[in-house]
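Structure first, commentary second.
The values are calculated or read from the model by the stated rules, or taken from the named source; none is laboratory data. All values derive from a computational prediction rather than experimental measurement. For neighbour counting, all protein chains shown are included, and Cβ atoms are generated from backbone atoms with ideal geometry for every residue, glycine included. Keep in mind that these areas ignore ligands, DNA and RNA; they rest on the heavy atoms of the full protein, side chains included. Shrake-Rupley method; radii C 1.70, N 1.55, O 1.52, S 1.80 Å.
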Amino acid sequence: MGGGSGDRVVTRWTLGPDSGELLLTTGVTGSASRMGHRLTIAMRSWQAVVDREGEEPAAVEVTVDVDSLDVLRGEGGMTPLSGAEKVLIRSNALKTLRTKRFPQAVFRSTEIDRDGDLYRIAGTLEIAGHSGPQTLEVRVEADGDGWRIRGEAGVRHTDFSLKQYSMLMGAMKVADEVRVTLVVTVA
């Protein structure tokens, strides 16, 4: 019949670009790394679904439309990043991620551990036809009448059999680890 004191109420938060931003930050390695740009890329179409039991998150699923990749800026390099270079970077990234065949990247939680306002969320990331374990660290803080949520993860190309983009016969290439940052506000 339900309604007993042992029942937990499940609520769902559905978050997306209207709630905040999902950013990727790349590095550059190799003997000619000074020539390359450290990129900041926004994912413009994504959805995070958080199921909560009482006040605690019970499950998290994040789906990203990979084709929504938008190169915001590049730091470093020999010259400022041009509009044409942003278009080329986007094209190369979409090829690397095999977007036509695998249009979405999906993270699904398998375990959530809490330590104060820090949550360690372990799960599986599916990207470009490969799946692997992934851990996110998420900090939740009160923000007026709502919550500010900031999550971070390092995703390595090699963990998902993705070839890092390179130039100059490998003397300059995208660093193996890409930093993923999610910052959202929930009312």
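The set of residues in the stretch 84-107 that are surrounded by 12 or more Cβ atoms within 10 Å (Cβ to Cβ) and in a loop (DSSP other than H, G, I, E, B) comprises Leu97, Arg98, Thr99, Phe102, Pro103.
Can you tell me which of Thr63, Thr26, Thr79, Thr40 is crowded, with 19+ Cβ neighbours inside 10 Å and polar (S, T, N, Q)? Step through it out loud before you land on a result.
Details: Thr63 fails: crowded, with 19+ Cβ neighbours inside 10 Å; Thr79 fails: crowded, with 19+ Cβ neighbours inside 10 Å; Thr40 fails: crowded, with 19+ Cβ neighbours inside 10 Å.
Being crowded, with 19+ Cβ neighbours inside 10 Å and polar (S, T, N, Q) holds for just one of Thr63, Thr26, Thr79, Thr40, which is Thr26.
Only one of the listed residues (Lys163, Lys173) is over 20 Å from Arg44 (Cβ atoms), open to solvent by 30 Å² or more (accessible area, probe 1.4 Å) and in contact with a helix residue (DSSP H, G or I) (Cβ under 7 Å, 6 or more places away or on another chain). That residue is Lys163. Taken as a whole, the structure places Arg120 among residues that are under 25 Å from Gly27 (Cβ atoms) and at pLDDT 95 or above. Sub-9 Å Cβ pairs linking a first residue in the stretch 93-106 that is at negative phi to a second residue that is part of a loop (DSSP other than H, G, I, E, B) and of a type in the set (Gly, Ala, Ser), at least 6 apart or interchain, are Thr96/Ala128; Leu97/Ala128; Thr99/Ala128; Arg101/Ala128; Arg101/Gly129; Phe102/Ala128; Phe102/Gly129; Ala105/Ala128, ordered by first then second residue.
Going through (1) under 16 Å from the mean Cα position of the chain (by Cα); (2) of a type outside the set (Phe, Trp, Tyr); (3) open to solvent by 30 Å² or more (accessible area, probe 1.4 Å); (4) farther than 16 Å from Asp67 by Cβ one by one, Asp113 falls short only on (1). Of all the residues in the stretch 14-23, those that are open to solvent by less than 40 Å² (accessible area, probe 1.4 Å) and part of a strand (DSSP E or B) number 4.
Every listed requirement among (1) under 23 Å from Asp176 (Cβ atoms); (2) at pLDDT below 90 is met by Glu56 save one, (1). Every listed requirement among (1) closer than 15 Å to Leu39 by Cβ; (2) over 17 Å from the mean Cα position of the chain (by Cα); (3) not β-branched (Val, Ile, Thr) is met by Lys163 save one, (1).
Any residue in the stretch 158-174 that is of a type in the set (Val, Ile, Thr) sitting within a Cβ distance under 7 Å of a residue that is modelled with pLDDT of 80 or more? List the pairs, counting only those 6 or more apart or interchain. Going by the 7 Å Cβ cut-off, the qualifying pairs are Thr158/Asp176; Val174/Thr26; Val174/Val28; Val174/Gln164; Val174/Tyr165. Among all residues of the stretch 26-47, there is at least one that is of a type in the set (S, T, N, Q), in a loop (DSSP other than H, G, I, E, B), more than 20 Å from Arg139 (Cα to Cα) and at pLDDT 95 or above.
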